[in-house]
Amino acid sequence: MSLAGLTLEKFTETGTRSWTEVPFGQTDKQVSTSPELPWNPTVPVLVPGTAVTIHGSIDRVDLRAGGVAVRVTDYKTGERPPDPGKIVIAGGAELQRALYALACRQLLSETSAIRSRLIYLKDRPEIFPLIDPDQTIQQVSKFDRSTRRTAMTRVA
């Protein structure tokens, strides 16, 4: 599966750099802040309009020369759900593409083109891009604010 995922497509953009398991939003001071990474992994990543910070590790980051575009990939080894091309956030069950795009939006603020996608590796590898990352980030932010208001109303 690993070989299939890494050889699924060819790169044609000269100067593209790739990283794997790229940390973001880490609070642990033990995390390497190597200049080899595309960003400082200890910089907080905030869900817009909320006080929620996120952290994690992106399976793969491909950054074009000059930072003009970034592509993030989340590899999936499990069963492919029905109609994965129609899934956006699946009620919160599939947030990784949106959160990875959010991390890139904040940590690579000069990069305007962000592509976030899933690649299901089992059986026949297939790519499923997030159609509108910025709209999806706004939707996640709205859901978070709504959930917090509902929780606060129930507590009061």
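Screening Thr42 with (1) surrounded by 15 or more Cβ atoms within 10 Å (Cβ to Cβ); (2) of a type outside the set (A, V, I, L, M, F, W, C); (3) under 15 Å from the mean Cα position of the chain (by Cα) gives one miss only, at (3). Every listed requirement among (1) touching a Ser or Thr at 6+ places or on another chain (Cβ under 8 Å); (2) modelled with pLDDT of 90 or more; (3) of a type in the set (Val, Ile, Thr) is met by Val88 save one, (2). In the stretch 24-39, which residues are buried (at least 19 other Cβ atoms within 10 Å of the Cβ) and of a type in the set (Gly, Ala, Ser)? Scanning the stretch 24-39 gives a single hit, Gly25.
Matching residues to (1) over 22 Å from Pro35 (Cβ atoms); (2) modelled with pLDDT under 95; (3) exposed (fewer than 11 other Cβ atoms within 10 Å of the Cβ); (4) out of contact with any Cys (no Cβ under 7 Å at 6 or more places or on another chain):
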site: Asp62; (1), (2), (3), (4): no, yes, no, yes
site: Gly66; (1), (2), (3), (4): no, yes, yes, yes
site: Asp83; (1), (2), (3), (4): yes, yes, yes, yes
site: Leu107; (1), (2), (3), (4): no, no, no, yes
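Ile114 satisfies every condition listed in (1) surrounded by 15 or more Cβ atoms within 10 Å (Cβ to Cβ); (2) part of a loop (DSSP other than H, G, I, E, B); (3) modelled with pLDDT of 90 or more; (4) not small (Gly, Ala, Ser) except (2).
Looking only at the stretch 117-131, how many residues end up being within 12 Å of Val72 (Cα to Cα) and either part of a loop (DSSP other than H, G, I, E, B) or basic (Lys, Arg) (or both)?
Going residue by residue through the stretch 117-131, those that are within 12 Å of Val72 (Cα to Cα) are 117-119, 127-130.
When the remaining residues are screened for being either part of a loop (DSSP other than H, G, I, E, B) or basic (Lys, Arg) (or both), the result is 117, 130.
Summing the residues that are within 12 Å of Val72 (Cα to Cα) and either part of a loop (DSSP other than H, G, I, E, B) or basic (Lys, Arg) (or both) in the stretch 117-131 gives 2.
Determine, yes or no, whether Tyr75 is crowded, with 20+ Cβ neighbours inside 10 Å, of a type in the set (Phe, Trp, Tyr) and either modelled with pLDDT of 90 or more or outside any helix (DSSP H, G or I) (or both). Taking the combined requirement at face value, the residue does not satisfy it. All of (1) touching a residue at least 24 places away in the same chain (Cβ under 8 Å); (2) farther than 24 Å from Ala69 by Cα hold for Leu3 with one exception: (1). With respect to (1) within 22 Å of Leu8 (Cα to Cα); (2) in a loop (DSSP other than H, G, I, E, B); (3) modelled with pLDDT of 85 or more, the lone exception for Val70 is condition (2). Filtered by the rule that a residue be outside any strand (DSSP E or B) and modelled with pLDDT of 85 or more, the stretch 28-48 gives Glu36, Leu37, Pro38, Trp39, Asn40, Pro41, Thr42, Val43, Pro44, Val47, Pro48.
The values are calculated or read from the model by the stated rules, or taken from the named source; none is laboratory data. These numbers come from a predicted model, not from an experiment. Note: ideal-geometry Cβ built from the backbone for every residue, glycine included; neighbour counts use all protein chains shown.
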